[in-house]
């Protein structure tokens, strides 16, 4: 059974990511582990607790949606820094076969401005990385 680490926040319920999940499921038995970094999104006034609550809502909605597709899925809210959220997931879960990173498009995505795909590749060069770019926040 193939194991996929899926990292997403605002794009978690987007069609692009759900399409990629369906592709992986069509290829054979698999398990998905969702990590939603509790990153700050939007509002000028915020708290870490508020960001975690929003990330938790997204995670629960995504797990429901993935399960409706027939996916075997678990998930967690991770650190606000995506690279640290990935590192934590790698330490506390069985090995993964691929990392799937879902992000907003260039110009909008903070993760792309932070060069997150390349940072992931440098840290986990033994794992394939698939980047899914959404058209907008889902």
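The values are calculated or read from the model by the stated rules, or taken from the named source; none is laboratory data. Predicted model only: the values in this text are computed from it and were never measured. When we count neighbours, we look across all protein chains shown, and the Cβ atoms used for this are built from the backbone with ideal geometry, even at glycine.
For the stretch 89-99, taking the residues that are surrounded by fewer than 20 Cβ atoms within 10 Å (Cβ to Cβ) and in contact with a strand residue (DSSP E or B) (Cβ under 6 Å, 6 or more places away or on another chain), the one that is farthest from residue 30 (Cα to Cα) is identified as 93. For residue 90, the conditions (1) under 16 Å from residue 132 (Cβ atoms); (2) in a helix (DSSP H, G or I) are fulfilled apart from (1).
Of all residues in the stretch 99-119, those being touching a residue at least 40 places away in the same chain (Cβ under 8 Å) and in contact with a helix residue (DSSP H, G or I) (Cβ under 8 Å, 6 or more places away or on another chain) number 6. Answer yes or no as to whether residue 55 is at pLDDT below 95, surrounded by 15 or more Cβ atoms within 10 Å (Cβ to Cβ) and part of a helix (DSSP H, G or I). So residue 55 fits the description; yes. For the stretch 23-52, which residues satisfy the criterion of being at pLDDT 95 or above, part of a helix (DSSP H, G or I) and surrounded by 14 or more Cβ atoms within 10 Å (Cβ to Cβ)? Within the stretch 23-52, 24, 25 meet the criteria.
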